[in-house]
């Protein structure tokens, strides 16, 4: 089945004074309607160039890009602009107009973008009043209604990206390109933006292409993924397949590198488990590791304990074991257990969240 | 002794200086803005790179800017006569002032527009905005603070140039300062004229900066 985006043998070479740089070589992709398609690679792999080829902000040196069966290179300048209105884009640094407030930023594509040009119209057929009405609806969708009159400099990174998403949706696009859209955001904000993208994909059936260097982003929301390495397509397919059976070296590398990031979400889950429970953090020094302390404690009190986390950490060159335990609910047993551990020379402290 | 004629002369001088400065700045911007836009847009990193157009404008700007104003004033007298009808007087000074100011203003506009974040331009392109739309709705809007600071600088510089208007009988405070202070050693008159010039520059500077800060939405 022909996809909404078909890329055939695409290559892009940048001619510089010193040498020709081959940014992309022979890339072929097929992206189906409704997919959330991840394109992942290290910095400098060429993924940003690839996404710019999808709306012809960069013209490929060779190969073709077809959007809904239409080869972009055959379009006139005017037709291309009309096409671009259907291919929205969001960016790492949000790229909002700093001198315009939120509502005017969202109105921009409606009033001045390529909307309506497809049918030979001169400019967006929308009146200013209608544009503002539509912008207000979009702000509702991204949960930013109360910030309509604010200027971008007054917003946080996550809020700016929400405004950028609202702006991208304004012209009812069929495709949304995300160029490292969460890379400038902290983990929690990244989560909320990814959830919003997921919701947009589900509710409006917009095909989403996500450029990222974070495996966690792909794992979180993508259905399909392409791995780009040094300008070449290393592997592509369903995320679940590649995650379970990576065939290429590049895929394996990215999955292993992604583990560290993945454990963050695991930690979030653990933090939820810790809520309302009595948790302690114990540290083993060198001389306390001969005795199986935990096992002995469980045998002695006849009560199960939950090990939430165990790790060794290098503190001033000496490896120290660290463990976080969730104790039984009985307060008396808790006190006895703590006393038991202190007796064996362990450092014990109560925790209600991880201190890393 | 200070007479009422002198006060009148100062008043007229102030008006002449204001007339020359403001009018030349206005015409300077009418020529300089399109020139600056063309320079910024056709630059190799601009939104419509065009090496030939850029080079031509670049050379014109450099040539005009390297000619000393006094020489320019005399050099373009035929043009002045063609436009104003005569080559002397206050109105006639506006022509050489405009010609001298336009490339200078064009350069300032160029640099203001080049400060606009490329990402914002790219975002507008990705929405299907045309080159003209990007110039009017993105570049000029995002650069307006910097452009206003440029206007302040331009006013000060053109006011300085206008002091040489006396050569062609243009009048103004600079002319008074030169005639009385430099040729006739009447330094009290010169002092008053110079103080008035300082006050004018001060007013332009304060107003310009206030407006640019007021219009800037980036920090609040």
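Of note:
- Single residue of A:30, A:73, A:48 found to be surrounded by fewer than 16 Cβ atoms within 10 Å (Cβ to Cβ) and either at pLDDT below 95 or in contact with a strand residue (DSSP E or B) (Cβ under 8 Å, 6 or more places away or on another chain) (or both): A:73
- Selected residue (criterion: nearest to residue A:51 (Cα to Cα)) from residues of the range A:83-99 that are more than 7 Å from chain B (Cβ to nearest Cβ) and in a loop (DSSP other than H, G, I, E, B): A:92
- Residue identified as more than 14 Å from every other protein chain (Cβ to nearest Cβ), modelled with pLDDT of 95 or more and out of contact with any helix residue (DSSP H, G or I) (no Cβ under 9 Å at 6 or more places or on another chain) among B:71, B:56: B:56
- Any hit, the range A:8-31, residues being in contact with a helix residue (DSSP H, G or I) (Cβ under 9 Å, 6 or more places away or on another chain), within 18 Å of residue A:176 (Cβ to Cβ) and within 14 Å of chain B (Cβ to nearest Cβ): no
- The residues of the range B:115-130 that are more than 7 Å from chain A (Cβ to nearest Cβ) and closer than 11 Å to residue A:84 by Cβ amount to a single one, B:124.
- Filter result for residue A:80 (assigned to a helix (DSSP H, G or I) and within 13 Å of chain B (Cβ to nearest Cβ)): yes
- Any hit, the range B:8-21, residues being in contact with a helix residue (DSSP H, G or I) (Cβ under 8 Å, 6 or more places away or on another chain) and either without any contact (Cβ under 8 Å) to a residue 24 or more places away in the chain or not in a helix (DSSP H, G or I) (or both): no
- Look at the range B:179-199: where a residue is more than 15 Å from residue B:6 (Cβ to Cβ), no partner that is outside any helix (DSSP H, G or I) and modelled with pLDDT under 90 sits 6+ places away or on another chain with Cβ atoms under 9 Å.
- For the range B:131-148, the condition holds for at least one residue, the condition being that it is assigned to a loop (DSSP other than H, G, I, E, B) and within 13 Å of another protein chain (Cβ to nearest Cβ).
Conditions (1) within 23 Å of residue B:141 (Cα to Cα); (2) within 17 Å of the chain's Cα centre (by Cα), marked per residue:
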| residue | (1), (2) |
| --- | --- |
| A:152 | yes, no |
| A:165 | yes, yes |
| A:176 | no, yes |
| A:186 | no, yes |
| A:194 | no, yes |
| A:200 | no, yes |
| A:203 | no, no |
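- Every listed requirement among (1) under 16 Å from the mean Cα position of the chain (by Cα); (2) buried (at least 21 other Cβ atoms within 10 Å of the Cβ); (3) more than 14 Å from chain A (Cβ to nearest Cβ) is met by residue B:112 save one, (3).
The values are calculated or read from the model by the stated rules, or taken from the named source; none is laboratory data. Just so it is clear, the model here is predicted, and its values are computed rather than measured. In this analysis, Cβ positions are derived from the backbone assuming ideal geometry, glycine residues included, and neighbour counts consider all displayed protein chains.
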